[in-house]
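Working notes for the structure below.
The values are calculated or read from the model by the stated rules, or taken from the named source; none is laboratory data. Just so we're clear, the structure is a prediction, and the values are computed from it rather than from any experiment. Cβ placement follows ideal geometry from the backbone for every residue including glycine, while neighbour counts extend to all protein chains displayed.
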Amino acid sequence: MEHTIENLRAIPPFVDVRIWAVWRGTEMVAQSHIAMLRKEENKHLAEFNIDVLPELRRHGIARRLLRHITDVAGPENRSLLIANTSSTVPAGEAFMKRIGAHAGLVGVTNQLRVAELDRALIRQWQAHGKAQTAQVELGFWAGPYPEADVEAMATFLDVMNTAPRGDLQVEDQHWTAQELRQIEASQAQRKIERWTMYVRDKKTREFAGYTDVTWNPRDPGVLQQGGTGVLPKYRNHGLGRWLKAAMLEKILAERPQVKRIRTGNANSNAPMLKINQELGFKPYRSMSYWQVELDKVRQYMG
């Protein structure tokens, strides 16, 4: 509970979250939330989640929680609801199908056991990357982006809009320097440490690519791989592999407690899946991202 409270207190200001809980005495047996970004993009959608203890499922609890979600989404003009489910909880997929949702994007959480990493391969990738240093240079930041680069990073992160979105009715997401700082403040409150490896053009100083990872001392054996992106005009030169390999080399040297690295990939993201498979990542669990119109949920509710 203490960990949950800490996370709730660290929600960035641009994220509006409403939460409901169901109690049995002093035990929380179900919870739900709806999250809406207070940004210029995607004003039509809201993300939601519902969790119910297995022994209390199929008793109408999720349905009652869903009504609270729709009661918030309506006045906020959030006409599309999005949620994700995992293969580890099959009941989630069944519930989404019952309310009329469509799986707009299917992916997988892949996991690398660090002990199985091919170290010769990451040395090879780094050697190939270093051959590009006439045009680009590799750099690293621990923690927040430097003040001199945060605006450029906010612009550069538009590269993530090129990642597959399947059939999800989601608009391109753009970030401001202020929002990036709010995300960093949230991570700091939760004691999460972020590392960023980047490549930038030596001549123009433009960022060409990046990858980042986060580590939580509460779960020291697991490291989360975040985003990886290379601007289209810099692709097909091995920069993505160079970034991943350089980051893995640093993790091996400075995070010996990390035993597993996890990352999420859309099944349609063939280039990133290929890199991860070459590194030894294997499927850990499948993920589905569902979307459903608010009107359709209301019909289900009756």
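If we keep just the residues of the stretch 248-271 that are touching a residue at least 60 places away in the same chain (Cβ under 8 Å) and part of a helix (DSSP H, G or I), which is surrounded by the most Cβ atoms within 10 Å (Cβ to Cβ)?
Among those residues, the one meeting the criterion is Leu248.
Given the structure, is Arg241 among the basic types (Lys, Arg) and either in a strand (DSSP E or B) or more than 14 Å from Tyr198 (Cα to Cα) (or both)?
So Arg241 fails the test.
Among Val106, Val159, which is the only one that is at pLDDT 95 or above and crowded, with 18+ Cβ neighbours inside 10 Å?
Val159
Output the number of residues of the stretch 55-83 satisfying the condition of being without any contact (Cβ under 8 Å) to a residue 40 or more places away in the chain, more than 18 Å from Trp20 (Cα to Cα) and not in a loop (DSSP other than H, G, I, E, B).
Adding up the residues that qualify gives 1.
Yes or no: the stretch 293-301 includes at least one residue that is in a strand (DSSP E or B) and not assigned by TED's automatic domain parsing to the domain that holds Tyr145.
Yes, because at least one residue in the stretch 293-301 is in a strand (DSSP E or B) and not assigned by TED's automatic domain parsing to the domain that holds Tyr145.
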